[in-house]
Each structure stands twice: as structure tokens, then as C-alpha cells.
Amino acid sequence: MANPITKWLIVAFTAITLVGCSGGEQETLAKPEPVHFESGDECHVCGMVITNFPGPKGQAFTEREQNVRKFCSTKDMFAWFLQPENEKRDHTLYVHNMAQTDWDHPDDTHLIDAREVVYVVGSDRNGAMGPTLASFETETEATDFAAEHGGEVVAFADITLDHLNAGMAMHDMSGMDSTEDMHDGHDMTAEGDMTGESAMDNGHSGHEMDH
């Protein structure tokens, strides 16, 4: 039969264990709040100054250290998050809700949980350095945006690196079309110049013959 001292130790140990478990659970459930993008903040992926560019931005608080990483675009945030060392971790992610803020100058009071957001991939709206993923709180907002600006509506869990590469490929192809048009125009101009030079040469020859 246990003596009073042994019983007291058992009770004390049980209480400490319960408090420790409860504290750990609270720590796990706690989620950091989004922070403002400050002038001079640089993108964790590309190093560009974040506030110099339009379109939705991203933030990531690392699972254990709770260090914040800031991104000049949702595309760069996903480029970081979809790496094998990050994708399976419980990082806290935030992006702008573009249904509630201006595209050129997103308001940081409209940063929302990126995992609960619906995205539009491949629209005609650019973010930092080109194509990006437009972010919205609801599917209806994303669908309305896609109807006006094009693109595919995709949930957070369905986004892959292929979506990021596809957006860039579409952008490059449209740029190639413009380049080809410019090239064609340049060729036509060059042909015109050559024709003009030939005419001048013929005229000059004829003038010499007249003399």
C-alpha cells in the first residue's frame, strides 16, 4: 500500500504532465498574425524589393522557428513552399485577398490564410517580374476574376510547380509573338530599303548614261 508521500508525488507528477500537455497543445494551435510589408523588404526568393511591384504578395512563418519569410509575389511564395523540404511542413502562409484590395498597391490589412484561398493561374494580370497567381477568399471571386482576365481557377492543395511553369510559358509565348511581329516588320522595312536603294542605283546609272 502506497504511503502518503508516494501518493503526493504521483498526484504532483500527474498535474505537471497535464499542464505540460495542455501548454504544448496551445502552442501547436497558436498561429502568428500576418505582418505588414515594409519599404525596403526584399523577396526571400529573388531578392527584389517587394513594394516596388504590383499584384498579391506572400508571407510564410516557418513551422518551428516562426521566422517570417516575405515574397514579392504569390508565384515566388509557391516556388519556395513547393520545395520538398517545405511542402510537408506546417508553415503558416498568408496572401492578399485581391477581391478586397487594389492590384497595383495591395493593402496589408487584407492578408488572409493562403491555404484557404482560391487562386487563378494564367490570367492577363502580372505581378512581380511577370505572370503570377491571383488570390481570392472565395471561389466566386476567383471565377469572376477569371471570366474577366482569363486563367484557370485552382485550389491551394492542387497547385504544383507545373502551374508556375505554365504561367511563365504562356507569358513567354505571347512575348515571342510580339517579337516575331517586330522581326517581320523589320524584314519588310529592310526589303523596302533594299528596293529603294536598287531604284536609286538604277536611276543613277541611267543618269550617267544620259550624260
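The values are calculated or read from the model by the stated rules, or taken from the named source; none is laboratory data. No experiment lies behind these values; they were computed from the predicted model shown. Backbone-built Cβ (ideal geometry, glycine too); neighbour counts: all protein chains shown.
Quick look at the numbers
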item: Residue match in the range 79-93 (condition: within 13 Å of Gly55 (Cβ to Cβ), part of a helix (DSSP H, G or I) and of a type outside the set (A, V, I, L, M, F, W, C)); result: no
item: Identity of the residue in the range 88-107, among the hydroxyl-bearing types (Ser, Thr, Tyr) and under 15 Å from Val35 (Cα atoms), that ends up surrounded by the most Cβ atoms within 10 Å (Cβ to Cβ); result: Tyr94
item: For Trp8: the one exception among (1) modelled with pLDDT of 95 or more; (2) outside any loop (DSSP other than H, G, I, E, B); (3) aromatic (Phe, Trp, Tyr); result: (1)
item: Close pairs from the range 39-53: first charged (D, E, K, R), partner in a loop (DSSP other than H, G, I, E, B), Cβ under 8 Å, at least 6 apart; result: Glu42/Met48
item: Residue match in the range 117-124 (condition: under 21 Å from Glu152 (Cα atoms), surrounded by fewer than 16 Cβ atoms within 10 Å (Cβ to Cβ) and touching a residue at least 24 places away in the same chain (Cβ under 8 Å)); result: yes
item: From Lys75, Lys70, residue being surrounded by 14 or more Cβ atoms within 10 Å (Cβ to Cβ), modelled with pLDDT of 95 or more, assigned by TED's automatic domain parsing to the domain that holds Asn52 and in a helix (DSSP H, G or I); result: Lys75
